[in-house]
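This report concerns only the one structure given below.
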Amino acid sequence: MTTEIRVPTLGESVTEATIATWYKKPGDAVAVDEMLCELETDKVTVEVPASVAGTLAEIVAAEGETVGVNALLGTINAGADAPAIKPDAKPTSAKAEPAPAKSAAKDVEDAPSAKKLMTEKGLSAGQVTGTGRDGRVMKEDVQNAAAPAAPRPHPAPRLPLMMPAAKNVCA
């Protein structure tokens, strides 16, 4: 059985989105609620999850393409011919995942809006702490990192107390 992947409702007054990233490619196994792609609008970034377990059969709309609400993004083959995947299981991949290390580069894709803003502000990913899922850098993180630090109030300098000058009274 083939299931269509469609652009979800994006919010009030939002009628189109740009496909920022595909996390899967045709032939990849997908689990229910596993993120397939990410859409970006001028207001929000939306992840599109798989509604069924199966195999990603086709990508109709490529990265960078602008699509309208309810547009067809791709299809998933589900059913008896699809591999059985538990929704809570991690998908298997051909490459072995290294143990996470704090000094190692993260393999989480930063939000496209964050990447664009980092380029505009002259920041690198290492200069921004991500607060998104799995440490993902979001646009707000870049804005916070680029904001100048509030100046610390310096205490007023202490001046020595001086006696008022005596008036010279000569008669």
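General observations
- All positions within the stretch 32-57 that are without any contact (Cβ under 8 Å) to a residue 40 or more places away in the chain and loosely packed, with under 14 Cβ neighbours inside 10 Å: D42, K43, V44
- Filter result (touching a Ser or Thr at 6+ places or on another chain (Cβ under 8 Å) and of a type in the set (A, V, I, L, M, F, W, C)) within the stretch 20-55: A20, A29, V30, V32, C37, L39, V52
- Test: D141 is surrounded by 16 or more Cβ atoms within 10 Å (Cβ to Cβ), under 12 Å from the mean Cα position of the chain (by Cα), in a helix (DSSP H, G or I) and modelled with pLDDT of 50 or more: yes
- Put simply, of K115, K24 the only residue that is surrounded by 15 or more Cβ atoms within 10 Å (Cβ to Cβ) and at pLDDT below 90 is K115.
- Test: A80 is within 14 Å of K25 (Cβ to Cβ) and either modelled with pLDDT under 90 or within 22 Å of the chain's Cα centre (by Cα) (or both): no
The values are calculated or read from the model by the stated rules, or taken from the named source; none is laboratory data. Quick caveat: nothing in here was measured; it's all calculated off a predicted structure. Neighbour counts are summed over all protein chains in view; Cβ atoms, including those assigned to glycine, are modelled from backbone coordinates with ideal geometry.
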